[in-house]
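To start, the structure itself, in structure tokens.
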Amino acid sequence: MNKLKSKPLLFWFLSRLFFDDPDFSSSLMARYRRKWLLFREGMNRLCRWLGLPVAFSLTTVGLETNNTCNLRCQHCPVPGEMTRPKGIMSFSVFKNIIDSNPSLSRIYLTDWGEPLLHPEIIEMIAYAHSKGKHISLTTNGTLLDRLMGEKLIKAGLNLIKVSIDGGPQTYEKIRGFPYSKIKRNLHEFLRLREEMGSRIWVEVTMVVYDETIGEVETFLAEWKNKVDAVNFQPRFFTWPRAKRSACRDLWRLLVVLWDGRITPCCADYDGELVVGRVDDKNLQDIFNSPALRSLRRQHLKKAWSGLCARCSFYEADYHLSPKKINEIRKKISL
């Protein structure tokens, strides 16, 4: 595992305070190596706690490099429910986003679709890296062969998350791809990281719903000592359950779709909540625009409508908090 050499007291304290999980400090450090960035994220959270319709500072943007994919996963809207056109983000649009928003610290090169399908994904990572950005992406791992791995590491990717749902039979049923190949790709990437002396942070994630809930402990046991972090994510729009609290992401990030339209929600697969375009104004202005303030007020008043009323991401019974994962981790270690 690629453990960060030190864990400053600040990260350990925040892990205990917010997540009751001291081991989560390593994941915090992987994402927020600069204390100033962590402070800005903390201030955003404070604004939400105080019930303010404004956020302190935009630190993270998700860039949908493309909304195309080579798989047809059961839980994903890309091959079915998504009605907007398929396409890829041009390098000129990507470059404009990076150049026009120098205060952005974290770039997440994933929304809907498989980012490794983009023909210029390596050039995108290298350019963002040259501008001092922390770059992350999530991949289904099917294209993560040795050559791709070398390119990603050399380009300066900081964090990679590989989606693997459950064990062999469940995974192949959900994703329609040989489990043995995805497992081999990830193990090869981990060996490559060691060979190249890279500090890239490697995580695996599983979508938790009816098909996979019974394999949480097995999945954690399989990967917990091989990668740097194991994550569990609930499925979007699955449970007909009333929301109970304002969505935290409205005070955290923006997402730019492949065609340059901006939405405040990573679950907005059809662009229902578009609040602007990248050529309108800089992202920081849009982050606290009247449209975003209005949406935050709706959430604070629990007056959800449209997409937000249908979303159960943070309310789902299958949402496994770091605290719950820590309990499972301790159980497995006994």
Which pairs turn up if I take residues in the stretch 243-265 that are open to solvent by 10 Å² or more (accessible area, probe 1.4 Å) and modelled with pLDDT under 90 and look for partners that are in a helix (DSSP H, G or I) and of a type in the set (S, T, N, Q) with beta carbon separation below 8 Å, at least 6 apart in sequence or on another chain?
ARG252/ASN44
How many residues of the stretch 186-204 are in contact with a Ser or Thr (Cβ under 9 Å, 6 or more places away or on another chain) and surrounded by fewer than 21 Cβ atoms within 10 Å (Cβ to Cβ)? The answer is 2
Would you point out which residue out of LEU157, LEU104, LEU144 is in a loop (DSSP other than H, G, I, E, B) and either touching a residue at least 60 places away in the same chain (Cβ under 8 Å) or among the small types (Gly, Ala, Ser) (or both)?
LEU104
Could you list, in sequence order, all residues of the stretch 69-88 that are among the small types (Gly, Ala, Ser) and surrounded by 16 or more Cβ atoms within 10 Å (Cβ to Cβ)?
none
Any helices (runs of 4 or more DSSP H) falling wholly within the stretch 269-313 and containing at least 2 residues that are more than 22 Å from ILE98 (Cβ to Cβ):
290-300, 306-310
If you go through the stretch 118-141 one residue at a time, how many are in a helix (DSSP H, G or I), over 19 Å from ASN67 (Cα atoms) and out of contact with any Phe, Trp or Tyr (no Cβ under 9 Å at 6 or more places or on another chain)?
3
Tally of residues being in contact (Cβ under 8 Å) with a residue 40 or more places away in the chain, of a type outside the set (S, T, N, Q) and buried (at least 17 other Cβ atoms within 10 Å of the Cβ) across the stretch 275-314:
12
Inspect the stretch 110-130 for any residue being within 21 Å of VAL274 (Cβ to Cβ) and of a type in the set (A, V, I, L, M) and give the result as yes or no.
no
ARG84 vs (1) in a helix (DSSP H, G or I); (2) over 20 Å from the mean Cα position of the chain (by Cα): all pass except (1)
Of everything in the stretch 181-240 that's outside any strand (DSSP E or B) and small (Gly, Ala, Ser), which residue is nearest to GLY166 (Cα to Cα)?
GLY214
Only residues that are closer than 20 Å to THR68 by Cβ and either aromatic (Phe, Trp, Tyr) or open to solvent by 20 Å² or more (accessible area, probe 1.4 Å) (or both): list them for the stretch 143-156, please.
LEU143, ASP145, MET148, LYS151
Would you check which residues across the stretch 91-101 are open to solvent by 50 Å² or more (accessible area, probe 1.4 Å) and assigned to a loop (DSSP other than H, G, I, E, B) and list them?
none
Given ILE325, ILE332, which one is exposed (fewer than 15 other Cβ atoms within 10 Å of the Cβ), at pLDDT below 90 and closer than 26 Å to ASN231 by Cβ?
ILE332
Report yes if THR110 is modelled with pLDDT under 90, among the β-branched types (Val, Ile, Thr), open to solvent by less than 40 Å² (accessible area, probe 1.4 Å) and under 20 Å from the mean Cα position of the chain (by Cα), otherwise no.
yes
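The values are calculated or read from the model by the stated rules, or taken from the named source; none is laboratory data. Only a predicted model underlies this, so the values are computations on that prediction, with no experimental measurement involved. For neighbour counting, all protein chains shown are included, and Cβ atoms are generated from backbone atoms with ideal geometry for every residue, glycine included. Each accessible area value is taken on the protein alone, full model and side chains, heavy atoms only, with ligands, DNA and RNA left out. Shrake-Rupley method; radii C 1.70, N 1.55, O 1.52, S 1.80 Å.
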